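All remarks here apply to the structure that follows.
Every read-out reported here was derived from the displayed coordinates using simple, explicitly stated rules and does not represent laboratory data. Here the structure is a predicted model, which means the values were calculated and not measured. Don't worry about glycine lacking a Cβ; one is built from the backbone with ideal geometry, like all the others, and counts go over all protein chains shown.
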Amino acid sequence: MNPDTHALAGAYAVNAVTEDERASFETHLEQCPDCRAEVAELRAAAATLTSDVEVTPPPALRASVLSAISQTRQLSPLVETTGTRNPPGTPEASPSSVAAPAQDAPVVDELAARRGRRLQPWLAGVAAAAVIGVATLAWQPWDDADTGQQVTATEQVLRAEDAQRLEQPMGASEIAIVRSPSMKQAVFVADAMPTPPAGRAYQLWFDVPGLGMVSAGMIPTSNATVAVMLKGDASAATGAGITLEPETGSEHPTSDPVALFTFA
Amino acid sequence: MVVMAAVGSGDTSLPTAAMGPDLVALLTRAARGDEAAFAELYDATASRLHGLVVRVVRDRAQSEEVTQDAYLDIWRHCTRYDPAKGSPLSWMMTIAHRKAVDRVRSAEASKAREVTYEATTVDREHDSTLEQVEVRLDQQRVRRALASLTDTQRGAVELAYLGGHTHTEVAALLDIPLGTAKTRIRDGLIRLRDTLEVTA
């Protein structure tokens, strides 16, 4: 293990990292049980720093919180074959329900509505698109970097000076596209995306003026953190989207987007 | 900072809510949609979480928004609470801290305000003026733990955790190399962990 990577555990535990450092360290965490344990312990230790500070919030805040939760859907639990992350309760939601991410995010109704409004031109563009085979994946586990100084291609994009990060919730998952215009590349980062239905997978698309939605590759199905290089010229695209497609990928989107990103 | 001016008289109860309601049980019920259980969870933890948020954000109105936001996140995510990631309180404090840090950073970004380093002594003055802060602590224990940190470790940990600065900013504030700030934060937290014998 690269000692430099380990050393970030403390800063990460207290949120003293940038978003890009967070993304790359979380990818590391997936592979490093030692760091996961250390982060949990250091967070507990940090929490004691304010163990003597108690500020009772005004009663109105309590009422407001309780009113808000009664209108807020809870996320579906993560259902994993490994069984290492069982939640304390196992709500009755069926595993397949996690495939409906739009329902998972009632607090972003406005955002969902905006996505819906964007949907029509999006699909219209798709019809005109002359596209493109199944893209290859450029998914690099961070451990590759441990053996030497080389920085993976995805890491280079995440660290690029002009990297722009667009985030949004998708179900319980935070998903993001980090795009570097100068490198003409973009990386998709997510943790614990909702599991797609059997036989299906998430596919990435670039929204390219004049071409419509162009396949940018498949997202590997994983409960863990994924970082995927989008295939294609990110500087030519004005946005990106994600759809559920057959595992082998589609030439053009065959379902409504589960997420849309608009590049600045 | 943690060393408060006011002293709770003779209250030696543990600062965590460990002796209170069973947070794991409440979280489990809340994860099944039990709003009453969530209300109990709120009652058992709100002053700790809000205390942390106020400590980082400072502004009262903004702190209340952040605390509410944190509890909403806790409600949404409690179905996915993973004991391996920490005790319920530690997990909830982590969420609240993240929200608080996000708030101060976005506020900072929008104001693009000049970063002027205020020494930690300023923090201490500020603390003594937080009249609404109730002090209820195992002060000896926390003092002892903090005393086990070197001054440089404590400064780095406090700037990061309570100041909401990134390790890069901490390095700039303390005028130390980047890697050094990272190391001091980690070493300080490890020392704190080992002295307090906290478990995740």
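For the reader, a short list of remarks on this structure follows.
- Two-decimal ratio, segment A:167-264, of alpha-carbon radius of gyration to 2.2 N^0.38 Å: 0.99
- Residue-normalised convex hull volume from the C-alpha trace of segment B:41-107: 78 Å³ per residue.
- Burial order of peptide ranges B:38-49, A:235-246, B:143-154 (average beta-carbon count within 10 Å, highest first): B:38-49, A:235-246, B:143-154
- Local charge for A:Q203 was computed over the other residues whose Cβ lies under 13 Å away, with Lys and Arg +1 and Asp and Glu -1, and equals -2.
- Within the shell defined by Cβ-Cβ distances under 11 Å, the residues around B:V170 carry a net charge of -1, with Lys and Arg each +1 and Asp and Glu each -1.
- Selection of trypsin sites (Lys or Arg not before Pro), segment A:163-264, meeting DSSP coil and at most 15 other Cβ within 10 Å: A:K184
- Dimensionless Rg over Rh [segment A:1-71; C-alpha; Kirkwood]: 1.16
- Under 13 Å, Cβ to Cβ, from B:L189 - net charge with Lys/Arg +1 and Asp/Glu -1: +2
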